[in-house]
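The values are calculated or read from the model by the stated rules, or taken from the named source; none is laboratory data. The structure displayed is predicted, hence computed values, not measured ones. Backbone-built Cβ (ideal geometry, glycine too); neighbour counts: all protein chains shown. In case anyone asks, the SASA skips ligands and DNA or RNA and just uses the protein heavy atoms, side chains included. Shrake-Rupley method; radii C 1.70, N 1.55, O 1.52, S 1.80 Å.
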Amino acid sequence: MKKEHKSALHISSGTDNPGSFDPKLLQKFRRKKHSIEEFVKGILEGDSVLLSQAITLIESNRESDQIEAEKIVAACLEHKNNSIRIGITGSPGVGKSTFIESFGKMLISKGLKVAVLAIDPSSQLSHGSILGDKTRMLELSTNPAAFVRPSPAGDALGGVARKTRETVFLCEAAGYDVIIIETVGVGQSETAVHSMVDFFLLLLLPNAGDELQGIKRGVVEMADLIAVNKSDGPALAQAKLAKAQYQNALHLFPPKNGGWIPSAELCSGLSGMGIESIWEKVEAYRKHTQENNYWQSHRAEQAKYWMHESILQHLKDMFYHHAKIKALLPEIEQALFANKISSFKAAKLLLDKFIE
Ligand code: GDP
């Protein structure tokens with residue numbers, strides 16, 4: 001009898017697909033694919049699941065996801081609300097998440113909806129984030145009037161910041177009145193946050209002397225308000241002293257463009273002391289700058305800034321993904337390492353090749 005297979009390593013025909021999986025059940029577990037219209041409708045209705053999924057598209061680096069995300073963002077931009085965007089920064093351990101939890105709950109008790117987003121440059125490192133994401137702000141994240149989203153990971157700061165800015169638009173379309181963007185004082189993250197918020201709040205600790213030495217001058221200059229956090233218990237006396245010192249430090253800076261005069265306040269995220277008066281300051285800022293039109297021009301400036309940022313990003317991507325550049329780059333780099341060519345000449349050669 002003729003054998004069909006001489007080798008033991010043949011592939012047997014096997015059986016038909018086992019029927020142990022109910023295809024209907026399988027369908028249920030697969031993520032439902034929504035159309036752009038479904039996404040936009042859901043977001044406008046305040047559906048937080050669809051909002052989350054749309055943000056995932058923004059955060060994705062897949063081209064097809066990005067195209068979808070772009071369309072959703074564009075549609076949502078037409079439905080902006082009268083939100084206020086607040087940036088909150090401070091060193092790790094200053095009490096940011098405790099403060100935001102307390103501040104957010106106070107806002108919700110006033111009937112407002114609150115979104116909390118984060119920009120955490122440390123989350124780009126494989127060792128995880130300083131902001132420590134999901135376990136934080138437990139009460140707020142389970143409150144139906146709040147939406148808490150951790151920082152997107154794995155991108156350069158510029159990419160994370162752009163994605164967060166787009167996420168802000170989706171949150172606004174979803175009806176969130178206060179958008180809080182939290183960051184930790186690492187790298188240039190405060191500058192990135194500052195370029196997308198209306199109001200910038202700096203949290204500091206009651207030990208003024210040490211604090212001011214460690215904090216970057218530019219960050220203090222950006223602040224619309226300094227909150228001396230953890231002003232409770234035995235630290236209160238020292239906190240009052242620190243408040244006066246911070247207040248003096250603020251006087252050293254030139255007046256702000258919008259004519260707003262920053263001040264220092266005492267607060268405690270833990271006890272809730274001062275939280276309400278910080279919100280009063282934010283409201284006063286909104287009134288002041290909307291009346292003198294700074295609010296509007298500031299947002300317009302930010303839109304312009306982001307347009308230019310996008311152009312630079314796109315040009316950079318186009319350049320480095322260009323076939324001719326990819327082919328030429330290693331050779332030019334070798335010439336550079338061998339001191340055969342200067343950096344400027346190398347750049348010029350590559351740019352000429354790109355333009356040609
Ligand atoms: P973050 O790293 O800036 O987000 O800081 P956390 O909110 O996680 O707080 C760091 C530590 O400080 C925790 O142990 C908190 O319990 C404590 N903490 C936060 N806010 C306050 C406060 O207002 N007063 C006091 N005494 N401790 C606080």
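Coupling constants for the range 60-71 follow from the phi torsions by the Karplus curve (6.51 cos²θ - 1.76 cosθ + 1.60, θ = phi - 60°), and in residue order they are 5, 9, 6, 4, 5, 5, 5, 5, 4, 4, 4, 5 Hz; glycine and proline get x. For the range 306-354, the dipole from Cβ point charges (+1 on Lys and Arg, -1 on Asp and Glu) about the Cα centre works out to 180 debye, to the nearest 20.
Give me the extension gain from residue 327 to residue 301: residue separation times 0.36 nm, minus the current Cα-Cα distance, reported in nm with one decimal. Spell out each step's value before the answer.
Working: separation 26, 0.36 × 26 = 9.36 nm, distance 3.87 nm.
Taking residue 327 through residue 301 to full extension adds about 5.5 nm, to one decimal.
Sequence-ordered 3J(HN,Hα) estimates for the range 259-264 from the Karplus curve with 6.51, -1.76 and 1.60 and θ = phi - 60° stand at x, 7, 9, x, 9, 10 Hz, glycine and proline given as x.
Within the shell of other residues whose beta carbon sits under 10 angstrom from the beta carbon of residue 324, the net charge comes to +1, with Lys and Arg scored +1 and Asp and Glu -1. Near residue 36: Cβ cut-off under 9 Å, other residues only, Lys/Arg at +1 and Asp/Glu at -1. The net charge is -2.
Selection among 269, 295, 259 by position relative to the dipole of the range 240-296 gives 259 as farthest towards the positive end (Cβ unit charges, Cα centre). Using the Cβ of residue 182 as centre and a radius below 10 Å, the other residues enclosed give a net charge of +1, where K and R count +1 and D and E count -1. Which of the pairs 304/353; 163/316; 163/281; 256/281; 96/216; 216/281 have their Cα atoms more than 26 Å apart in this structure? As for pairs spanning more than 26 Å Cα to Cα, those are 304/353; 163/281. Just the accessible area for residue 312, please: 1.4 Å probe, Å², rounded to the nearest 10? Counting only protein heavy atoms, residue 312 exposes about 110 Å² to solvent.
Let me spell out the model: positive unit charges on the Cβ of Lys and Arg, negative unit charges on the Cβ of Asp and Glu, origin at the Cα centre of the range 33-77. What dipole size does that give, in debye rounded to 20? Don't skip to the end; give the middle numbers.
Working: 4 positive and 9 negative charges, 4 e Å.
Value, rounded to 20: 20 debye.
Surface analysis of the range 80-292 yields an accessible area of 41 Å² per residue, using protein heavy atoms and a 1.4 Å probe.
Treating the beta-carbon of each Lys and Arg as +1 and of each Asp and Glu as -1, no other charges, what is the dipole magnitude of the range 80-292 about its Cα centre, to the nearest 20 debye? Write out the running numbers ahead of the final one.
On the way: 21 positive and 21 negative charges, 32 e Å.
Approximately 160 debye in magnitude.
Distant-in-sequence amide contacts of residue 264, defined by a placed amide H-H separation under 5 Å and a gap of 5 or more residues or a different chain, comprise 226. Taking amide H atoms as placed 1.01 Å from N in the peptide plane, the amide H of residue 200 lies under 5 Å from those of 87, 224, 225, each 5 or more residues away in sequence or on another chain.
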